[in-house]
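Since the structure comes first, as structure tokens, the remarks are kept for the end.
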Amino acid sequence: VIVGSDSHNPKNLCDEAFLKANEYARSLGLEIVDSLSINMSKTKKRLLFICLGNICRSPAAEGVMKKMVADAGLAAGYEIDSAGIGDWHVGQLPDSRMRNCGARRGYNFNSRARQFDKTVDFDRFDNILVMDRNNYRAITSMAPDDEARDKVHMLTDYCVEHAGAEAVPDPYYGDEDGFAETWGDVSAVADALVRHYRGD
Ligand code: 4NP
């Protein structure tokens, strides 16, 4: 019998799983003679999307990716977040143009902006996905070692449908069309990422 728990804390995970297993065994008139705990959080894919302000591109990528993995029934296998290089918009919802763009397509971009934190984010995430070369330079320059630096990738590296694209362009100072392009870019990449992690 395998019993799961969605706790991130290994001790809670073990305790919860054991209690559930015990309850189930008793309901069958059985007794648990041994148990094994596997920390599922270690096997999670932990993705952090990065852009300059964390109010346009990266929260859109976060929102699209979260919905795609949820729709595919894979949400428990992922930890997905986004952050900005700058701190100008910390605590704010995504830009209303980006939110409207998502809402028209059934996505709710509602994460609050935060700034990348080199003291925790290099450890917390396995794949740090940046939107352009400036983001790449800014994040890699904060990496404490090669292992951390190797976690940083251009989002466009996964962009099979936009082969040759150098960046997801910043739509902030542009018009509405730029936001639709951003949505197209991040949704294509999220789709490619889900396939990449599924091993398709
Ligand atoms: P993002 O766009 O990096 O896609 O969130 C920007 C948002 C705000 C600013 C720059 C880019 N800004 O300079 O405030």
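The residue that is nearest to the ligand (Cβ to nearest atom), among those in the range 93-115 that are in a loop (DSSP other than H, G, I, E, B) and open to solvent by 70 Å² or more (accessible area, probe 1.4 Å), is R112.
The single condition among (1) within 16 Å of the ligand (Cβ to nearest atom); (2) open to solvent by less than 20 Å² (accessible area, probe 1.4 Å); (3) at pLDDT 95 or above that V186 does not meet is (3).
Table: residues versus (1) more than 15 Å from the ligand (Cβ to nearest atom); (2) under 12 Å from I50 (Cα atoms); (3) open to solvent by less than 70 Å² (accessible area, probe 1.4 Å).
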| position | (1), (2), (3) |
| --- | --- |
| G91 | no, no, yes |
| D117 | yes, yes, yes |
| I139 | no, yes, yes |
| D150 | yes, no, no |
| G174 | no, no, yes |
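Within the range 189-199, is even one residue surrounded by fewer than 15 Cβ atoms within 10 Å (Cβ to Cβ), outside any helix (DSSP H, G or I) and at pLDDT 95 or above? Within the range 189-199, none of the residues are surrounded by fewer than 15 Cβ atoms within 10 Å (Cβ to Cβ), outside any helix (DSSP H, G or I) and at pLDDT 95 or above. Do you know which of the residues in the range 149-168 that are assigned to a helix (DSSP H, G or I) and under 17 Å from the mean Cα position of the chain (by Cα) is modelled with the lowest pLDDT? Applying the filter and picking the extreme gives Y158. Counting residues in the range 66-73 that are assigned to a strand (DSSP E or B) and modelled with pLDDT of 95 or more gives zero.
Inside the range 61-80, residues that are surrounded by fewer than 18 Cβ atoms within 10 Å (Cβ to Cβ) and in contact with a strand residue (DSSP E or B) (Cβ under 7 Å, 6 or more places away or on another chain) make up a count of 2.
Quick check on my filter: what residues within the range 74-89 are more than 12 Å from the ligand (Cβ to nearest atom) and either out of contact with any helix residue (DSSP H, G or I) (no Cβ under 6 Å at 6 or more places or on another chain) or in a loop (DSSP other than H, G, I, E, B) (or both)?
First, the residues of the range 74-89 that are more than 12 Å from the ligand (Cβ to nearest atom): 74-81.
Residues satisfying the conditions are L74, A76, G77, E79, D81.
The values are calculated or read from the model by the stated rules, or taken from the named source; none is laboratory data. Remember, predicted model here, so these are calculated numbers, not experimental data. Here Cβ is always computed from backbone atoms with ideal geometry, including for glycine, and neighbour counts include all displayed protein chains. The accessibility values were calculated without ligands, DNA or RNA, using every heavy atom of the protein model including side chains. Shrake-Rupley method; radii C 1.70, N 1.55, O 1.52, S 1.80 Å.
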